[in-house]
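Novice: The following block contains the structure, expressed as structure tokens.
The values are calculated or read from the model by the stated rules, or taken from the named source; none is laboratory data. What you see is a predicted model; the values in this text were computed from it and never measured. All Cβ positions, even for glycine, are placed from backbone atoms using ideal geometry, and neighbour counts span all protein chains on display.
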Amino acid sequence: MTNFKNRAMFQYNELLRQFMSQYKFYGDYRLRQVFQGKIKREVKQIKADLVIPIPINPITYQQRGFNQVAGFLEGVKTTAALATIEHDKQLPQSAKNRQQRLQMKQPFKLNLSTEKFNKKRILLVDDIYTTGRTIRHAATLLLDAGASEVVGLTLAHG
């Protein structure tokens, strides 16, 4: 996939792992504010036609009460262009090993018609880039739909 690059803002270390655990798994939604300003500045610098957060499945949303990526992007105009194919996942990404992540099948589908993406520069935003499989699946789908370029922005790279 030649039309995709990802930029991670931080290295995924123990402190950030603890932060993400508190934010995502313990539902401390106020923590989204810690990185909002920096993420907004990064989004503005990238100058994309569309900003698309990586979605979470409906069961996870129901349990957690929020999409952690959308929380970071609060106040940024985003497009809900992607949806998860599965409504419930058997095993969360955080519980998978590298091999299981790399074998993951396409988890997304488009929410909008392909004309919305034609010749657009798209910014995909996710929280943690581990193997890159999730964000690359989303990028492939958007490029296949006609996007001219897809750029990734993640909070951290592990």
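Novice: Taking region 1-60, which residues are over 13 Å from ILE128 (Cβ atoms) and of a type in the set (Phe, Trp, Tyr)?
Specialist: PHE4, TYR26, TYR29, listed by residue number.
Novice: Something else about it: In region 110-158, what count of residues is obtained for those that are touching a Leu at 6+ places or on another chain (Cβ under 7 Å) and not aliphatic (A, V, I, L, M)?
Specialist: The number of residues fulfilling the criteria is 7.
Novice: Among PHE66, PHE72, which is touching a Pro at 6+ places or on another chain (Cβ under 9 Å) and either buried (at least 18 other Cβ atoms within 10 Å of the Cβ) or closer than 20 Å to ILE135 by Cα (or both)? It would help to see each step written out before you state the result.
Specialist: Details: PHE66 fails: touching a Pro at 6+ places or on another chain (Cβ under 9 Å).
After ruling out the rest, the residue left standing is PHE72.
Novice: Listed residues GLN62, GLN68; which is at pLDDT 95 or above, more than 16 Å from HIS137 (Cα to Cα) and either of a type in the set (D, E, K, R) or out of contact with any Cys (no Cβ under 6 Å at 6 or more places or on another chain) (or both)? Before you say what the answer is, go through the steps one by one.
Specialist: Working: GLN62 fails: at pLDDT 95 or above.
The unique qualifying residue is GLN68.
Novice: So in region 1-49, with the set limited to residues that are aliphatic (A, V, I, L, M) and free of Cβ contacts under 8 Å to residues at least 40 places away in the same chain, which one is surrounded by the fewest Cβ atoms within 10 Å (Cβ to Cβ)? So that I can check it myself, show each step before the final result.
Specialist: Pass one, region 1-49, residues aliphatic (A, V, I, L, M): 1, 8-9, 15-16, 20, 31, 34, 39, 43, 46, 48.
With free of Cβ contacts under 8 Å to residues at least 40 places away in the same chain added as a condition, the list becomes 15, 31, 34.
On the way: LEU15: 10, LEU31: 17, VAL34: 13.
Within region 1-49, the match that is surrounded by the fewest Cβ atoms within 10 Å (Cβ to Cβ) is LEU15.
Novice: Are any of the residues in region 123-141 at pLDDT below 90 and part of a helix (DSSP H, G or I)?
Specialist: Looking for residues that are at pLDDT below 90 and part of a helix (DSSP H, G or I), one finds none in region 123-141, hence no.
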